[in-house]
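Since every read-out is calculated from the coordinates, none of them should be taken as a lab result. Predicted model only: the values in this text are computed from it and were never measured. All Cβ positions, even for glycine, are placed from backbone atoms using ideal geometry, and neighbour counts span all protein chains on display.
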Amino acid sequence: MLSDASDEWDIRCDLAAAYRLIAHFGMDDLISTHLSARVPGEAHRFLLNPYGIMFDEITASSLVVVDLEGHALQKEDEAKVNNAGFTIHSAVHMARQDAHCVIHTHTLAGMGVAAQEQGLLPLNQKSMCFYGGISYHEYEGVALDLNERERLVRDLGDKDVMILRHHGLLTLGRTVSEAFLNMYLLEQSCRVQIAAMQGGHKIVLPSDRVAAHTAEQFQREGYNRNLRPWTALKRRLDRISPDYAT
């Protein structure tokens, strides 16, 4: 079940692994978007990627500690962080004590669904796991205005998954692995939706009863809280890019 990674280095390694896996599965966007993780301790500090570094270059030691004012708590030149990323991630970390990790992406499928009026449809069992569990935030421009944090938090509510209209996807978790698995499932759901709509035939939706039942099954089994997929993914990284943990 859940691993209580209280040691900062362990969290750094998990977050660096998540950055590499986001790139591996084609969910990165050049140097844009962010993954963040809360640093242990009473102070509200979290880890963020230095701006300008590709996701497949991120290592555990390259991650930057920032406070809730957006100040990097180190003086190296590479400690510059992206203001828009800070706005979104700091909002969630401040408001949700259970948000130990926050992931935000700009994928083609995610942005496509974010532009559709109906949002995410329960087209398959992956997307049904989010049935009734997705929040939406209307686009306000590039997220540079700290005042937007209040509305982001309001729209997120108690959900762990959010679609940012005309922007992208956001997930959170009590661990890095939980946030990543939420994002993986959400991204796959968006890819299926875009593919189904391109097929040229009428889309068939399941009944609300079946969709709700499937969501309850996913929640009961706790797929996103099971460490087996995450452990397997890290074994893959150990084979193909083990320097993530340096």
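Tabulated data
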| read-out | value |
| --- | --- |
| Net charge of Cβ neighbours under 15 Å - reference A245; Lys, Arg +1; Asp, Glu -1 | -2 |
| Cβ-based net charge around S135, under 10 Å, with every Lys or Arg adding one and every Asp or Glu removing one | -1 |
| Selected from H137, Y223, M183, residue furthest toward positive end of dipole (the chain; charges at beta carbon) | Y223 |
| Net charge, C13 excluded, C-beta distance under 13 Å - Lys, Arg +1, Asp, Glu -1 | -3 |
| MRE, 222 nm, helices only [DSSP H, n ≥ 4, -39500 (n - 2.57), over the chain, to nearest 500] | -13000 deg cm²/dmol |
| Antiparallel bridges, percent of DSSP beta bridges restricted to the chain (to nearest 5) | 85 percent |
| Global form of segment 84-229, assessed from the alpha-carbon gyration tensor, a/c cut-off 1.5 | oblate |
| Prolate/oblate/rounded label for the chain (Cα gyration tensor, a/c 1.5) | prolate |
| Assigned charges on the beta-carbon of Lys, Arg, Asp, Glu; the chain dipole about Cα centre (debye) | 840 debye |
| Segment 120-162: C-alpha gyration tensor shape, a/c 1.5 cut-off, then a/b vs b/c | prolate |
| Unit charges at the beta carbon, dipole of the chain: most positive-side option, H213, L15, V153 | H213 |
| Of K159/K202; K126/K159; K80/K159, those spanning more than 24 Å from alpha-carbon to alpha-carbon | K159/K202; K80/K159 |
| Those GluC sites (Glu not before Pro) in segment 99-167 that DSSP places in a loop and that have at most 15 other beta carbons within 10 Å | E117, E138 |
| Trypsin sites (Lys or Arg not before Pro) restricted to DSSP loop in segment 153-233 with at most 12 other C-beta within 10 Å | K202 |
| Relative contact order of segment 137-201, defined on C-alpha pairs under 8 angstrom at six or more residues apart (%) | 22 percent |
| Between segment 173-246 and segment 126-160, the Cα center-to-center distance that results, in Å | 19 Å |
